[in-house]
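> Could you have a look at this structure, given as structure tokens, before my questions?
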Amino acid sequence: MTPLPDSDLMIKDVWPLPGRAFAIAESPTLGVKVLEWEMATDGWKYIDDGSQGEFGLGPYVGKMWAPSENEIYFTIAPAFVYRGTRPSPGAAWSWTRDRLVDFAAGPTHAAHDHGYPSSRLMNGNLSALGVWGVGRDDVYAWYSNAVFHLKSEDGGAPTWGVEYVAEGTEAFDEHLFILAVGGTSEAVWFAGARARGIDGCPILARKTVDGIVRIVDGVARNSAATPCLARDGALFLGTAPGWITDLHPLGDDAIVALKGRELVTLATSGSDYVVRSNAVTPVAMSGKPQGFYSFWWTSNEVWLSGYSQLVRGDTTDVDAGATGLATSTVSLTNIPLDVPLYRVRGTSETNLWAVGAGYALHKTTP
């Protein structure tokens, strides 16, 4: 456990670097806070400028991304992308922000706003808001049903141009959401949900030099028993509930996606896709989320974070469809913590973070 500056921080995302990490948190007393951890002090400190607490901002955050130790992006409701830069570690940060456009059709649904869909499986809301980059000059952000690309036109200052809008709602209570973006410089994947009420279908689109094609889709039904049915002309990822909420590329032609309680691998095979699904069953807890929030993948191992648990397995076993994953203990208590762990992410097997409500857990052992 690494010491936090305040006890009521709900850390929603972390971006680790060698010897350093950044995190974004929500707090009922402090509002949105951005933090930096340094190995030299093993401590977290606030680095935001306080503007995140202005009237009209919040109350939730999205995902974050940092291309280097001197540049960081994070997202905050209703639809803002912040960018921070500094000349060197230890210097003061400078912050700018931009507001993304809401392309969602129709009014806000009673179950969620356009950037905060409610998930029955996760027993709460997920943020359809985030930022991610292939590199510092190739950055994407998303909000509601749209993906944006940071571009510079005619040598001017970069602006957030529209890259993709997920369209095609089929009922008054249906919305489409983007929940994750990831990939490589050759292929970027846009993942999310076709939400009907608080259930629905996963969606997944792929961007290459040939354009953007929606690969995964379904017919959403406002039914807890069968929330999604197969759609003609699209890949169907089964009837198990869950939206795609996290992605990890396996080169230019394959991706691993987190869908509720499943890790799904999609790989190109000519003009078709080969799909493998591996169900991962979390420890059942009444009234708590029954899926996972995030996962982290290396050539050797995979970690998943959920409510009160971290699950680990070997990637070779998972890729082969095996289910040999085990719950990890936490050295603080040696038993599961009774809190959500929203993000697990690392740079290596000896620099791994798991963060959540009141905790920033750091693993440095193999």
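> Return the total of residues in region 252-303 being open to solvent by less than 40 Å² (accessible area, probe 1.4 Å) and at positive phi.
Number satisfying all stated conditions: 1.
> What's the total number of residues in region 321-366 that are without any contact (Cβ under 8 Å) to a residue 24 or more places away in the chain and surrounded by 14 or more Cβ atoms within 10 Å (Cβ to Cβ)?
Residues flagged as without any contact (Cβ under 8 Å) to a residue 24 or more places away in the chain and surrounded by 14 or more Cβ atoms within 10 Å (Cβ to Cβ) within region 321-366 amount to 1.
> Answer yes or no as to whether Arg97 is among the charged types (D, E, K, R) and under 18 Å from the mean Cα position of the chain (by Cα). Walk me through how you get there before you give the answer.
Values: among the charged types (D, E, K, R): yes; under 18 Å from the mean Cα position of the chain (by Cα): no.
Against the criterion (among the charged types (D, E, K, R) and under 18 Å from the mean Cα position of the chain (by Cα)), Arg97 does not qualify.
> Of everything in region 236-257, what is of a type in the set (S, T, N, Q) and not in a loop (DSSP other than H, G, I, E, B)? Give them in sequence order. Steps first, answer last, please.
We begin by selecting, within region 236-257, every residue of a type in the set (S, T, N, Q); these are 239, 245.
Residue satisfying the conditions is Thr245 alone.
> Of everything in region 186-217 that's farther than 21 Å from Tyr143 by Cα and of a type outside the set (Val, Ile, Thr), which residue is most open to solvent (accessible area, probe 1.4 Å)?
Asp210
So that you can scan it fast, the table gives a plain yes or no per residue for (1) among the small types (Gly, Ala, Ser); (2) within 19 Å of Tyr143 (Cα to Cα); (3) surrounded by fewer than 15 Cβ atoms within 10 Å (Cβ to Cβ):
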position: Asp8; (1), (2), (3): no, no, yes
position: Arg20; (1), (2), (3): no, no, no
position: Ala23; (1), (2), (3): yes, no, no
position: Glu36; (1), (2), (3): no, no, no
position: Ala40; (1), (2), (3): yes, no, yes
position: Val61; (1), (2), (3): no, yes, no
position: Glu69; (1), (2), (3): no, no, no
position: Ile72; (1), (2), (3): no, yes, no
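> For region 22-50, give me each residue that is more than 18 Å from Lys63 (Cβ to Cβ) and of a type in the set (Val, Ile, Thr).
Thr29, Thr41
> Now for a separate question. List the number of the failed condition for Ile198; all other conditions in (1) closer than 25 Å to Arg83 by Cα; (2) at pLDDT below 90; (3) β-branched (Val, Ile, Thr) hold.
The one condition Ile198 does not meet is (1).
The values are calculated or read from the model by the stated rules, or taken from the named source; none is laboratory data. If you're wondering where the values come from, they're calculated on a predicted model, not measured in any experiment. Neighbour counts are summed over all protein chains in view; Cβ atoms, including those assigned to glycine, are modelled from backbone coordinates with ideal geometry. Note: accessible area is taken over every heavy atom of the protein model, side chains too, but ligands, DNA and RNA are not part of it. Shrake-Rupley method; radii C 1.70, N 1.55, O 1.52, S 1.80 Å.
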